[in-house]
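Please treat every number below as a calculation from the coordinates, not as lab data. Just so it is clear, the model here is predicted, and its values are computed rather than measured. Positions of Cβ are generated from backbone atoms using ideal geometry, with glycine treated the same way; all protein chains shown enter the neighbour counts.
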Amino acid sequence: MLKPGKIYYSIGEVARFFDVNPSLIRFWEREFDVLRPKKNKKGNRLFTEKDIRYLHIIYNLVKVKGYTLQGARDVIKHDIEQLEDQTFVLQALHNSLNFLQQLDAVLEQRAKNL
């Protein structure tokens, strides 16, 4: 999802990336102090890569691991650096998996054409 050279992402782009409604992103913004996207003159939220990394952490804690909101806040408060490192590694692995799946599809298509 992250595009080289792009600085800001809209709430719609971020919501599609996580496959959630924009209202959930706005809710998490109110619930988690680390998440503070900038707003333009119209009030539209502008998310940076750092905001998206924090959303990865929140999403993983709440949606994947099943933490309560308070539990997720506590973990973020005490272990944010470790969580950022883990999120970076997980994202790199996810990107590698996507690349390998795309490569596999190309190779399968070429094998069918032979």
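What the table below lists for this structure:
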{"quantity": "Contact order normalised by residue count of region 11-113, Cα under 8 Å, 6+ apart, percent", "calculated": "18"}
{"quantity": "Ile7, Ile80 arranged by Cβ crowding within 10 Å, fewest neighbours leading", "calculated": "Ile7, Ile80"}
{"quantity": "Contour excess over end-to-end distance, with Cα ends at Asp104 and Lys41 and 0.36 nm allotted per residue", "calculated": "18.2 nm"}
{"quantity": "Span-rule helices in the chain, defined as complete DSSP H runs reaching 24 Å or more along the axis (Cα) with Kyte mean at least -1.0", "calculated": "69-113"}
{"quantity": "Point-to-point label distance, Thr68-Asp85, nm (Cα→Cβ direction, 7 Å offset)", "calculated": "2.9"}
{"quantity": "Integer Hz, Karplus 6.51/-1.76/1.60 couplings in order for region 37-44, x for Gly and Pro", "calculated": "x, 6, 10, 7, 4, 7, x, 6"}
{"quantity": "Qualifying trypsin sites (Lys or Arg not before Pro) in region 34-97, DSSP loop, other Cβ atoms within 10 Å at most 14", "calculated": "Lys41, Lys42, Lys65"}
{"quantity": "Mean shadow area of the chain over all directions, Cα convex hull, nm²", "calculated": "9.1"}
{"quantity": "Long-range HN-HN contacts of Leu46 with modeled amide H, under 5 Å", "calculated": "Lys38, Lys39, Asn40"}
